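Please treat every number below as a calculation from the coordinates, not as lab data. Since this is a predicted model, take the numbers as computed values, not measurements. Here the Cβ positions follow ideal geometry from the backbone for every residue, glycine too, while neighbour counts run over all protein chains shown.
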Amino acid sequence: MRRLRDARRLTVLTGAGVSAASGVPTFRGADGLWRNVRPEDLATPGAFRRDPSLVWEWYRWRRAQIARCQPNPAHRVIAEWSAREGCRVLTQNVDDLHLRAGTRGLVRLHGSIWELKCWDECGHPAWRDERLSPDEADQSSDTDRPRETEFGRSCPRCPACGGLARPAVVWFGESLAAADVEAALTACDCDLFLTIGTSAIVHPAAGFVHEAARRGAFTAEINLDLTPASSAVDLVIQGAAEDVLPTLASA
Ligand code: BJW
Ligand code: ZN
């Protein structure tokens, strides 16, 4: 509590657990599996090369799920903290719920599920596309998000070259944007580093808490379960992010 209040430089790293209370399935939780396929087998350039329709089907399903979700109290507390000078927020989540909660200066290490880019890398810059296919849009008509409904069932195309479009997310084996890694490493210079709702197994994000500790930060983990980071951090708070963060913020 005192550390949180006194930290001049606070860095928060989030993972799928922060969005779980919003209804976004985590990757490695029981509800995260789609047709019994592991994310490691779908979130790769090889999977897209082999079967772009299958991969797009998975992303359509996830986009429809996420479209029905709203930021939860954990997103809101982090958004409030982000207004503090010296606070940096890094997320592995592609759902943009932190953005929708108003988080400032957010670094989206793994991109956004609402952005697309050209698979052939023709040079056209990534673009935002929040459309859902008609049946998916029907299911989410209870949300306040404006959208059109003609995303369709076929693979989306690049508006510049007509080639295949892909989600502008970071797949296994792909490098994160250099600027994002640089921003994350800069954020490792902090007084307090919080790693929240991540299984802490996917690199390079999983390494940042260790880097922060190496640079002298006090490190804490907030997670329902223990992770590989638990034994390395200074403080483990075992609990749900949506409960723990509002308690911390109000204390
Ligand atoms: C709650 C909760 C509640 C639930 N409250 N908590 C070094 C060592 C070993 C391997 C590597 C290495 N460096 C690179 C690699 C390879 C690979 C990697 O890390 N593999 C590991 C699996 C071992 N990394 C990469 O390939 C990365 N690229 C890279 O390093 O480039 C350089 C390079 C290139 C070529 C060769 C080698 C190096 C890229 C990684 C990209 C990851 N992409 C994904 C998909 C994004 C797109 C999409 O969403 O479709 O990112 S995979 C998936 O995992 C997604 C997530 O962001 C990421 C992390 O998952 P996260 O957020 O931690 O979720 P879960 O489900 O795992 O955990 C949820 C947690 O929440 C759990 O702990 C729950 O307990 C908890 N929880 N409810 C609090 N209410
Ligand atoms: Zn193109």
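Fraction of C-alpha pairs exceeding 11 angstrom in the range 50-94: 75 percent, rounded to a whole number. For ASP51 and HIS203, the FRET efficiency from 1/(1 + (r/R0)^6), where r spans their Cβ atoms and R0 equals 35 Å, is about 0.85.
Binning the alpha carbon pair distances of the range 1-123 at 10 angstrom intervals from zero yields the distribution 12, 39, 30, 15, 4, 0, expressed in whole percent. For the chain, CYS69, CYS87, CYS155, CYS188, CYS190 stand unpaired, since no other cysteine beta carbon lies under 4.7 Å from theirs.
Other residues whose C-beta falls under 15 angstrom from the C-beta of ILE237 contribute a net charge of -3, scoring Lys and Arg +1 and Asp and Glu -1. When the P(r) is computed for the chain, the part past 27 Å accounts for 36% of the Cα-Cα pairs.
Net charge around LEU176, counting only other residues with Cβ within less than 11 Å of its Cβ (Lys, Arg = +1; Asp, Glu = -1)?
Values: positive: ARG108; negative: GLU174, ASP180, GLU182.
Its environment carries a net charge of -2.
Can you check how the C-alpha radius of gyration of the range 188-234 compares to 2.2 N^0.38 Å, as a plain ratio? Write down the numbers at each step before the final one.
Details: Rg = 9.5 Å, N = 47, 2.2 N^0.38 = 9.5 Å.
Relative to the rule-of-thumb radius for its length, the range 188-234 sits at 1.00.
Given the range 52-142, report the % of alpha carbon pairs whose separation exceeds 17 Å. Cα-Cα pairs in the range 52-142 separated by more than 17 Å: 58 percent.
Once both axes come from the Cα atoms, what is the angle between helix 178-187 and the longest principal axis of the chain, in degrees from 0 to 90, rounded to 10? Between the helix axis and the principal axis of the chain, the angle is about 20 degrees.
For the chain, DSSP calls about 30 percent of its internal beta bridges antiparallel. Between the residues SER53, THR103, GLY86, the greatest Cα displacement towards the positive end of the dipole of the range 1-113, with unit charges on the Cβ of Lys, Arg, Asp and Glu, is found for GLY86.
Angle between the Cα long axis of helix 73-82 and the longest principal axis of the chain, 0 to 90 degrees, nearest 10? Helix 73-82 sits roughly 70 degrees off the main axis of the chain.
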